[in-house]
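Asker: Supplied in structure tokens, the structure appears directly below.
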């Protein structure tokens, strides 16, 4: 909540010689943030942010009380004066002859009203209109201005009705019914969602949307003679709900939804009556109506000065603590080792426990006066998953060094991207209150949003190589959604085997043993004829694939895209930084090339696996060359502890040829023996 | 014609070849002697005066010499000892660049921040980004009717409410890690740094519906406001530089008491106030002493232990450091490679 307070008005409640600059600094350090001190022709304006717990400071007098307490702490003379709470309690009644009321107590804990008789609807006195204008409020007339002036001065919203427009002089304060209509002062008509606090005049006509704005049908106008001055306290939850539902964020609503002090009602009413005499020549008042069945009972908290000192890290004198609290309006009784603190009504919602009082003492004493000490201690036990952070850094550094650019896209996706993911609706995590259609679901895969990013960049780049490490989300009944890290890569262009190389290099660095399976993925966005799964520990840890034509079309991408999808959680669970060392071979390998005609009835990888299976002496098989339908394999034979002769490997060589021929491959040339 | 003329030309050429300093000079020699209008070709034109027999003999000799000179030039060029003419190796030709990738600025910030806190014993943890209302609000002392818990400010998942844990929410802060960390460790001391994605229903130039926070939590015996000051000052020095320091201002959060807003002094005026910062101080983020109700919710006795916590936006913290001068925070999530390529 923000409030503008003119310095000249503040001085009504604050006696001090401190400059506005000093007051701003002191308030910011000890109380509320002065975000800006604005100098005008004849005044200074404090632009202040008030936190939601301090509705008592949404007023000139509230800020003055704090300023006085804080300034004193800086050794500057300051007094809080004209305390609105220092009033003589007036005579009130639970019924008055001018108005018949029926109040739902659950909605309105305090209902007060008074009739101002024979008012003059004129221009406000200069001091009133000037102060309002400086505070950012329009000056309207001698009556409406009273409401705004009192709200600004004391922080209590006030409403005024034209008494004679309330036909039967009857008010029923109740919950609205769904679909009821009201036109407010500003001419807007609302169809109410129901359960809003409203006042009906007994004929079914609504005359007030309580806490938000009055009804147009009972508004004060230039012909108004008698005014019903109306000051209440409402159940804050209802006011907030109505204000949010109807998007009516008035200052009154902002105050009402934060539980203002019900004890402030009477000071505000008296102050308003005084002002009515001066500003609107009010001839007389009715009896004061005040329905307040549960008045404030003083709250008491025990506070040990030792506790304060142990919380702030510095030892204060008891008297220092007592003075600070008294300056803020707390009553303090000194017991044996403890202080008994009575909480003033305007702080009742905010102060309940000793920690709250520590805050009061510490902030006014000045946080800047406390020492700065780095706490000593040992680190705690890490999470089991902690090793994943190291691998995350490693993977990101590798990919960025290999030329990939990291992106961060939103976890939310639209209906369209959800469709592209191909994940069934029941598995999708759906938002109940998305900001817009673009943010309907939590993504079950990173690929669709990454494709969108790739598509957006095609206008500026030919080579696009991107990656992202982020959670994917999948629904689980009766539980939190599955949330696990995926590391995905996209590359624009015909780069399948290049990207495959990066994937395998990454797996190698992570020290993961894997097997591969071609054309297994069923994921919609992948080309079902061009993909390869990487399997480790019986789980698919990664898939490399071309993005399906259909998916590319639906995102208007007209270049081929290769994608890698890695289950990073499984990857890090299998990753191992410590490789076991193999002794270096003592004897050189025998290396030979064998060329086969290859009719493409089997995958290359199957052939390689078949060759390797023949003998443990075969330590490595590479593809040396391929030309048309001929494949030349370079085969390494090596024994760990002895040197091999050609004779020793001739049997192995024969088995290779036989095995491959059984798969339809034919050796080119003949074996020497 | 005197065959001596031919031999003179030959000797002259060989001498020049022998003393040539680089291949460019040799190529010039080749042109001078063997070129189309070179010295040897010049001799051919004088053959008309000779008899047929003489012509044959002369022709053979000329070709012989031509070959000798040619071979000699070639062998000199092939000779490695010959100094290369400077211009033949041009080191200013364009390089063959390795592909250059880029880490996202948020990753860089997360790395740096977690390293700084690791040095004073804050270990990095990870907790759910989609969590129960209990961890995100209820256990954090947020009353049921707190505005943060309504659907205008926080995203909820469209799923049934759990009777024990409440609704499923997109965490609007990393503070859900507080009670989860207390449950994991059971007894203090605990020092964590929880970095995660957070979500709030807000989009404008300084807000994105998804953002990142880092949450520090320390719970131990005798922890005071002074310790929080010590840690924020340490962070400000390590992350922003040795001349930077922090200050605490009063603020309000449900899950801390007292609560603070942490400011850092401006890098230009160091707190005196200047054109850039106005007041001399810039807002870093919220912090506070852990509320006793939060400790209780995590099974920790607030009469024995106390602690502090802070939760700051990664984006904001990083932008303040690097003086990125991003006028729109959404740029970080637009993923325009022209932007990301600058990191």
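Asker: I'd like to check which strands (runs of 3 or more DSSP E) are fully inside the stretch A:77-195 and have at least 3 residues that are in contact with a helix residue (DSSP H, G or I) (Cβ under 7 Å, 6 or more places away or on another chain).
Answerer: Once the strands (runs of 3 or more DSSP E) in the stretch A:77-195 are filtered for at least 3 residues that are in contact with a helix residue (DSSP H, G or I) (Cβ under 7 Å, 6 or more places away or on another chain), what remains is A:78-80, A:110-117, A:159-162.
Asker: Would you point out which residue out of B:299, B:311, B:307, B:341 is more than 22 Å from residue B:211 (Cβ to Cβ) and away from chain A (no Cβ under 14 Å)?
Answerer: B:299
Asker: May I pose another question? What tally of residues in the stretch A:508-548 results from selecting those that are without any contact (Cβ under 8 Å) to a residue 40 or more places away in the chain and not in a loop (DSSP other than H, G, I, E, B)?
Answerer: Of the residues in that region, 20 qualify.
Asker: Further, regarding this structure: In the stretch B:162-191, what count of residues is obtained for those that are part of a loop (DSSP other than H, G, I, E, B), in contact with a strand residue (DSSP E or B) (Cβ under 9 Å, 6 or more places away or on another chain) and more than 8 Å from every other protein chain (Cβ to nearest Cβ)?
Answerer: So the answer is 9.
Asker: Could you tell me which residue of the stretch B:292-341 is farthest from residue B:219 (Cα to Cα), considering only residues that are without any contact (Cβ under 8 Å) to a residue 60 or more places away in the chain and not in a helix (DSSP H, G or I)?
Answerer: My answer is B:336.
Asker: Considering every residue within the stretch A:353-362, establish whether at least one is over 28 Å from residue B:281 (Cβ atoms) and crowded, with 16+ Cβ neighbours inside 10 Å.
Answerer: Yes: one or more hits.
Asker: Pairs under 6 Å by beta carbon, first residue assigned by TED's automatic domain parsing to the domain that holds residue A:181 and surrounded by fewer than 20 Cβ atoms within 10 Å (Cβ to Cβ) in the stretch A:243-267, partner at pLDDT below 90 and part of a loop (DSSP other than H, G, I, E, B), six or more apart or different chains?
Answerer: A:244/B:152
Asker: Can you name the condition, by its number, that residue A:99 falls short on among (1) surrounded by 17 or more Cβ atoms within 10 Å (Cβ to Cβ); (2) on the phi > 0 side of the Ramachandran plot; (3) in contact with a strand residue (DSSP E or B) (Cβ under 7 Å, 6 or more places away or on another chain)?
Answerer: (2)
Asker: May I pose another question? Counting only residues that are in contact (Cβ under 8 Å) with a residue 24 or more places away in the chain, more than 19 Å from residue A:366 (Cβ to Cβ) and more than 30 Å from the chain's Cα centre (by Cα), how many does the stretch B:269-291 have?
Answerer: 2
Asker: Pull up the stretch A:50-63, narrow it to residues that are within 13 Å of another protein chain (Cβ to nearest Cβ) and either under 25 Å from residue A:369 (Cα atoms) or under 26 Å from the mean Cα position of the chain (by Cα) (or both), then point me to the one that is surrounded by the most Cβ atoms within 10 Å (Cβ to Cβ).
Answerer: The residue in question is A:55.
Asker: Something else: Confirm whether residue B:288 is at the interface with chain A (Cβ under 10 Å from one of its Cβ atoms) and either within 17 Å of residue B:254 (Cβ to Cβ) or in a loop (DSSP other than H, G, I, E, B) (or both).
Answerer: Judged against the criteria, residue B:288 is a match.
Asker: Residue check: is residue A:333 more than 10 Å from every other protein chain (Cβ to nearest Cβ), out of contact with any helix residue (DSSP H, G or I) (no Cβ under 6 Å at 6 or more places or on another chain), surrounded by fewer than 20 Cβ atoms within 10 Å (Cβ to Cβ) and not in a helix (DSSP H, G or I)?
Answerer: So residue A:333 passes the test.
Asker: Since residue A:297 meets every condition but one in (1) assigned to a loop (DSSP other than H, G, I, E, B); (2) over 41 Å from the mean Cα position of the chain (by Cα), which condition does it not meet?
Answerer: (2)
Asker: I'm checking my understanding of the structure. Among residues of the stretch B:237-254 that are assigned to a loop (DSSP other than H, G, I, E, B) and within 12 Å of chain A (Cβ to nearest Cβ), which one is surrounded by the most Cβ atoms within 10 Å (Cβ to Cβ)?
Answerer: Filtering the stretch B:237-254 for residues that are assigned to a loop (DSSP other than H, G, I, E, B) and within 12 Å of chain A (Cβ to nearest Cβ), the one surrounded by the most Cβ atoms within 10 Å (Cβ to Cβ) comes out as B:253.
Asker: Filter the stretch B:19-38 for residues that are within 56 Å of the chain's Cα centre (by Cα), surrounded by fewer than 18 Cβ atoms within 10 Å (Cβ to Cβ) and at pLDDT below 85 and give the result.
Answerer: Hits for the stretch B:19-38 are B:19, B:21, B:22, B:24, B:25, B:27.
Asker: In the stretch A:460-502, how many residues are at the interface with another protein chain (Cβ under 10 Å from one of its Cβ atoms) and in a loop (DSSP other than H, G, I, E, B)?
Answerer: Residues that pass the stated criteria total 11.
Asker: Being surrounded by 11 or more Cβ atoms within 10 Å (Cβ to Cβ), in contact with a helix residue (DSSP H, G or I) (Cβ under 9 Å, 6 or more places away or on another chain), within 9 Å of chain A (Cβ to nearest Cβ) and modelled with pLDDT of 80 or more, is that true of even one residue in the stretch B:108-119?
Answerer: yes
Asker: Moving on. Can residue A:47 be described as within 14 Å of another protein chain (Cβ to nearest Cβ), at pLDDT 95 or above and either more than 26 Å from residue A:365 (Cβ to Cβ) or surrounded by fewer than 23 Cβ atoms within 10 Å (Cβ to Cβ) (or both)?
Answerer: Yes, satisfied.
Residue-by-condition table, conditions (1) assigned to a loop (DSSP other than H, G, I, E, B); (2) under 31 Å from the mean Cα position of the chain (by Cα); (3) facing chain A (nearest Cβ under 8 Å):
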{"site": "B:195", "(1), (2), (3)": "no, yes, no"}
{"site": "B:214", "(1), (2), (3)": "no, yes, no"}
{"site": "B:229", "(1), (2), (3)": "no, yes, yes"}
{"site": "B:267", "(1), (2), (3)": "yes, yes, no"}
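Asker: Moving on. Out of the stretch A:368-404, which residues are outside any helix (DSSP H, G or I) and either touching a strand residue (DSSP E or B) at 6+ places or on another chain (Cβ under 7 Å) or buried (at least 18 other Cβ atoms within 10 Å of the Cβ) (or both)?
Answerer: Selection gives A:370, A:372, A:375, A:377, A:379, A:380, A:382, A:383, A:402, A:403, A:404.
Asker: Of everything in the stretch B:216-226, what is in a helix (DSSP H, G or I) and surrounded by fewer than 24 Cβ atoms within 10 Å (Cβ to Cβ)? Give them in sequence order.
Answerer: Within the stretch B:216-226, just B:226 meets the criteria.
Asker: Looking at the structure I just gave you, is residue A:66 under 26 Å from residue A:367 (Cα atoms), loosely packed, with under 15 Cβ neighbours inside 10 Å and within 14 Å of chain B (Cβ to nearest Cβ)?
Answerer: No, not satisfied.
Asker: Just one of (1) within 23 Å of residue A:505 (Cα to Cα); (2) at pLDDT below 90 trips up residue A:609, so point out which.
Answerer: Only one criterion is unmet by residue A:609, namely (2).
Asker: If I ask for residues that are outside any loop (DSSP other than H, G, I, E, B) and more than 7 Å from every other protein chain (Cβ to nearest Cβ), which ones from the stretch B:148-161 would you list?
Answerer: Passing the criteria: B:148, B:149.
Asker: Take the residues of the stretch A:20-41 that are more than 30 Å from the chain's Cα centre (by Cα) and farther than 24 Å from residue A:360 by Cα: which is farthest from the other protein chains (Cβ to nearest Cβ)?
Answerer: Only one residue tops the list, namely A:41.
Asker: In addition: How many residues are closer than 22 Å to residue B:196 by Cα, facing chain A (nearest Cβ under 10 Å) and in a loop (DSSP other than H, G, I, E, B) if we restrict to the stretch B:126-147?
Answerer: Of the residues in the stretch B:126-147, 4 are closer than 22 Å to residue B:196 by Cα, facing chain A (nearest Cβ under 10 Å) and in a loop (DSSP other than H, G, I, E, B).
Asker: Consider residue A:282 carefully, then state whether it is touching a strand residue (DSSP E or B) at 6+ places or on another chain (Cβ under 9 Å) and either more than 26 Å from residue B:256 (Cα to Cα) or in a loop (DSSP other than H, G, I, E, B) (or both).
Answerer: Yes, satisfied.
The values are calculated or read from the model by the stated rules, or taken from the named source; none is laboratory data. On a predicted model such as this, the values are computed, not experimentally measured, just so you know. Neighbour counts are summed over all protein chains in view; Cβ atoms, including those assigned to glycine, are modelled from backbone coordinates with ideal geometry.
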